[in-house]
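All of the numbers you see were taken from the coordinates with simple rules; none came from a lab. Remember, it's a predicted structure, so these values are computed and weren't measured experimentally. We place every Cβ from the backbone using ideal geometry, glycine too, and count neighbours over all the protein chains shown.
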Amino acid sequence: MRHLRAASAVTLALSIAVAATGCGGGTTSGGSNESPKTLTYWASNQGPSIEADKKILTPELKKFEKETGIKVKLEVVPWADLLNRILAATTSGQGPDVLNIGNTWSASLQATGALLPWDEANFEAIGGRDRFVDSAVASAGKEGEPPAAVPLYSLAYALYYNKKMFAEAGIEKPPATWDELVATGKKISKDGKWGLGAEGGNLSNNIHQTFVLGQQHGADFFDKDGKATFTSDGAVAAVKQYIDFMAKDKIIAPGNAEYAQNQSLTDFAKGRTAMVLWQAAASTFAAQGMKPDDWGAAPVPVPSGAPGTGRQVNSMVAGINMAVFKNSKNIDGAKKFVKFMTSDAEQKLLNKTYGSIPPVKAAQADAAFGAPDLKVLRDTLATSAAPLPQVPNESQFETAVGTAVKELWADAAAGRPVTEESVKERLEKAQQTMQQ
């Protein structure tokens, strides 16, 4: 999702932001005292395109303006750019009033001091902390400190499969284990069709998949003191297993090494790829002409048995949080906007549209979120998902290891050998960047 600069640049940006306590937010265009009836909002790209998000969000923003008199200036920021844009805003002060962040960044951005802490008083201003699912709030910042953001959309990974392609290959059900997935993929990977899609240029997706595989291999990527352990046997095995879907098993097209923004979903919708591992894809499939009966969703495979805890974890705890820059000149308006976006009605509407799960308890009870694909996501979040490391340098982790995996995808696509030694070498390089 993110075309990030070198890890050292991200580290520098974070260190500067921490030093410049509270720097960030309060744009010249949106959140000034001269314009208390205007807010700027950076939304993340949740739908099949930037334009689709604008079409979804604009009527809701107009509804908010009608209710409050506050106009919201919307910019939908691609995932490839969002973290860099946020880091630049924390140092320059030229950011929005309100913004979406990936929940895995919460602790890192919290450490900059630029975001409004959601203490008891601020939570009360939007209806109270107890409106939200506990696990969603837990992914909004470091344990023991007021969250740096408020949960907006909850997500987990699922295995999406093309029913027609499965039927044509004589496959009756989705794979439940990785061995079954490889076997299924090999049956399909011929005549220009491929078993599995990937986004090799998408750093965050690289991290999400290898983190889950790492859990299954007993690796956490950090020790209990927060020190990077990227070269552990489990971490090396996890990364190699993921790259081997292309390098060894030949079930991923070499071109996927360069994919960075939903191209694997397009291939899936067009019948070129039979399976994808993704967080929520229903809206993208629909936008590309697929009907609900054309595809199915199943839990992400595990080594054996059924998904669960420990080595049977099959997803990271995914989601989008909503944050406010602490030095916005329109804090009251920003909190009103967060309250609106996390209201029961908006939570039902937006999460239903995007195919995500509401982190607001009352909205989650709506019958719409009992659909088969959403039930897979809900069950995964409840029973077999683990949070990414809540450490201050988590964003550097995504950059460093995500880039290492991207480089290994390039090796596989070019036919260069991918060995335990070459994987460990790339992960060692990534670990060294964390120590600079």
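Note on the range 325-436: dipole from Cβ charges, positive end direction compared against ALA413, PHE369, ASN330; the farthest Cα belongs to ASN330.
Quick check: from the Cα gyration tensor, does the range 53-164 come out rounded (a/c under 1.5), prolate or oblate? Verdict is rounded for the range 53-164.
Set against the 2.2 N^0.38 Å expectation for a compact globular protein, the chain has a Cα radius of gyration ratio of 0.95. The residues ASP293, ASP179, when put in order of fewest to most other Cβ atoms within 10 Å, stand as ASP293, ASP179. The Cα atoms of the range 292-436 give a gyration tensor whose axes a ≥ b ≥ c have a/c of 1.5 or more with a/b no greater than b/c, which makes the shape oblate.
In the neighborhood of ASN206, defined by Cβ-to-Cβ distances under 9 Å, what is the net charge if each Lys or Arg adds +1 and each Asp or Glu adds -1? Taking every Cβ under 9 Å from that of ASN206, the sum is -1.
DSSP beta bridges confined to the chain are antiparallel in about 60 percent of cases. Top mean-square fluctuation among ILE171, ILE188, ILE243, Gaussian network model of the chain, C-alpha springs under 10 Å? Of ILE171, ILE188, ILE243, the most mobile in the Gaussian network model is ILE171.
A simple spin-label model places the labels of LYS173 and LYS291 2.6 nm from each other, with each point 7 Å out along Cα-to-Cβ. Compared with the dominant Cα axis of the chain, that is its longest principal axis, helix 394-414 is turned about 30°.
Straight-line reach from LYS55: taking Cα to Cα under 16 Å and skipping same-chain neighbours fewer than 8 places apart, the lysines in range are LYS63, LYS73, LYS352. Among LYS224, LYS62, LYS37, the residue with the largest mean-square fluctuation in a Gaussian network model of the chain, with springs joining Cα atoms closer than 10 Å, is LYS224.
Order by neighbour count: ASP220, ASP225, fewest other Cβ atoms within 10 Å first, most last. Provide the component values of the computation, followed by the final result.
On the way: ASP220 16, ASP225 6.
Sorted ascending by nearby Cβ count, the order is ASP225, ASP220.
If Lys and Arg each add +1 and Asp and Glu each add -1, what is the summed charge of the other residues whose beta carbon sits under 13 Å from the beta carbon of ASP332?
Values: positive: LYS37, LYS329, LYS335, LYS336, LYS339; negative: ASP97.
So the surrounding residues net to +4.
Given their separation in residues at 0.36 nm each and the Cα-Cα distance between them, THR58 and ASP366 gain 108.5 nm when the chain is fully extended.
In the elastic network of the chain, a GNM with C-alpha springs shorter than 10 Å, the most mobile of ARG129, ARG416, ARG85 is ARG416.
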